[in-house]
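Down below is the structure, laid out as structure tokens.
The values are calculated or read from the model by the stated rules, or taken from the named source; none is laboratory data. In this text, all values refer to a predicted model and were calculated from it rather than measured experimentally. As a convention, Cβ positions derive from the backbone with ideal geometry for all residues, glycine included, and neighbour counts pool all protein chains shown. Note: accessible area is taken over every heavy atom of the protein model, side chains too, but ligands, DNA and RNA are not part of it. Shrake-Rupley method; radii C 1.70, N 1.55, O 1.52, S 1.80 Å.
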Amino acid sequence: MLTNWVVMPTCLPLVLRRCHTCASDRFRADGRFRVNANHKLLDIWLLVLCTTCGETAKLTVLERTHVRSVRPELLDRLHDNDPALAAELLQDPVVRRRNRIALDWNDAWRLDTDGSAHLDREVIDVSVRFVARIPVRPVRLIAEGCGLSRAEVERLITEGNLFSVARLNARLSGDFTFTLKR
């Protein structure tokens, strides 16, 4: 019997970028955008605030883009400061590369399991699905979901009682499955 676990975000991740005012390296995104029009060209930024001094920084979303090339639905979401759009754009590799930022997902996600009914079975097959691309070590997820320590999970891997096609010791941000034999 296959058990489904879901890794889902609880809030927007912190943005790792150097603050020019206080030399802090963490910014908080609250889903606000700035849209600037210069005749028929648009500049669009996602605004982030330094967690230490509160200084505002702009992350470039679109630069010198003709207004007709931006979908009207997207423009409406930008004007409405849609937090779901901010989450999508923070996960976009093009936006992250353009702005030279990384994301800090610590304390910004949770693991939803089907409860503890599966823990008493002899063999557990689990499918882990990621709602967002959150980099997490599977060892941490398995320890949290099964109520084990990470050292105990590592021991199960070494003994061959916990196995998966995916590498369980590396960070993953995509769906995977694993089998645990007790």
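Accessible area per residue for the chain in Å², computed with a 1.4 Å probe and the full protein assembly in place, what is it?
On the way: 10600 Å² over 182 residues.
The answer is 58 Å² per residue.
In the elastic network of the chain, a GNM with C-alpha springs shorter than 10 Å, the most mobile of S24, S127, S69 is S69. If you roll a 1.4 Å probe over region 41-154 with all protein chains in place, what percent of the accessible area is carbon or sulfur? Result for region 41-154: 46 percent of the exposed heavy-atom area is carbon or sulfur.
With a Förster radius of 41 Å applied to the beta-carbon distance between T52 and E122, the computed FRET efficiency rounds to 0.20. Each residue of region 92-101 is assigned a 3J(HN,Hα), and the resulting list reads 6, x, 5, 5, 5, 5, 4, 9, 6, 10 Hz, derived from the Karplus form 6.51 cos²θ - 1.76 cosθ + 1.60 (θ = phi - 60°), x at Gly and Pro.
With each label modelled as a point 7 angstrom along the Cα→C-beta vector, the A166-R100 pair spans 3.2 nm.
Compute the distance from the alpha-carbon center of region 1-42 to that of region 63-99, in whole Å. After rounding, the separation between the Cα centres reads 12 Å. Amide H contacts of F130: V7, D175, each under 5 Å away and 5 or more positions distant or on a separate chain (H built 1.01 Å from N in the peptide plane; Pro and chain starts excluded). Using just the Cα positions, wrap region 74-179 in a convex hull and report its mean projected area in square nanometres, one decimal place. That works out to 8.7 nm², a quarter of the Cα hull's surface.
Projecting the Cα atoms of V136, I124, L62 onto the dipole axis of region 60-150, where Lys and Arg carry +1 and Asp and Glu carry -1 at the beta carbon, places L62 farthest toward the positive end.
Placing dummy labels 7 Å off each Cα toward the beta-carbon, the span from S149 to D112 is 3.2 nm.
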